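Visitor: Questions regarding the structure given below will be posed in turn.
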């Protein structure tokens with residue numbers, strides 16, 4: 001993609017319940033990635049984030 005990437009300090013919080021990026025201009029409750037992590041791990045998988053500028 002051609003997006004701005006994710007700040008290194010934000011990566012460690014991406015899968016936290018209710019966490020949202022400060023620059024986020026979309027409304028939500030911050031649960032999407034936390035739920036995804038729970039589902040993936042319940043099935044024995046792994047989920048992570050890599051960000052390249």
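Visitor: Return yes when residue 2 is over 9 Å from the mean Cα position of the chain (by Cα), surrounded by 11 or more Cβ atoms within 10 Å (Cβ to Cβ) and part of a loop (DSSP other than H, G, I, E, B) and no when it is not.
Guide: Considered against the rule, which asks whether it is over 9 Å from the mean Cα position of the chain (by Cα), surrounded by 11 or more Cβ atoms within 10 Å (Cβ to Cβ) and part of a loop (DSSP other than H, G, I, E, B), residue 2 comes out as no.
Visitor: With the requirement that a residue be surrounded by 14 or more Cβ atoms within 10 Å (Cβ to Cβ) and in contact with a helix residue (DSSP H, G or I) (Cβ under 9 Å, 6 or more places away or on another chain), what does segment 5-21 give you?
Guide: 14, 15, 19 - these are the residues of segment 5-21 that are surrounded by 14 or more Cβ atoms within 10 Å (Cβ to Cβ) and in contact with a helix residue (DSSP H, G or I) (Cβ under 9 Å, 6 or more places away or on another chain).
Visitor: Also, quick follow-up: Could you grab the pairs with beta carbons closer than 6 Å, sequence gap of 6+ or different chains, first residue in segment 1-21 and in contact (Cβ under 8 Å) with a residue 40 or more places away in the chain, second one surrounded by 10 or more Cβ atoms within 10 Å (Cβ to Cβ) and assigned to a loop (DSSP other than H, G, I, E, B)?
Guide: From residues that are in contact (Cβ under 8 Å) with a residue 40 or more places away in the chain, the pairs are 5/51; 6/51; 11/49.
Visitor: Kindly provide the set of residues from segment 22-50 that are surrounded by 13 or more Cβ atoms within 10 Å (Cβ to Cβ), in a loop (DSSP other than H, G, I, E, B) and out of contact with any helix residue (DSSP H, G or I) (no Cβ under 6 Å at 6 or more places or on another chain), ordered by number.
Guide: 30, 31
Computed from the coordinates by the stated procedures, all read-outs in this text should not be read as laboratory data. None of the values given here were measured: they were computed from a predicted structure. For neighbour counting, all protein chains shown are included, and Cβ atoms are generated from backbone atoms with ideal geometry for every residue, glycine included.
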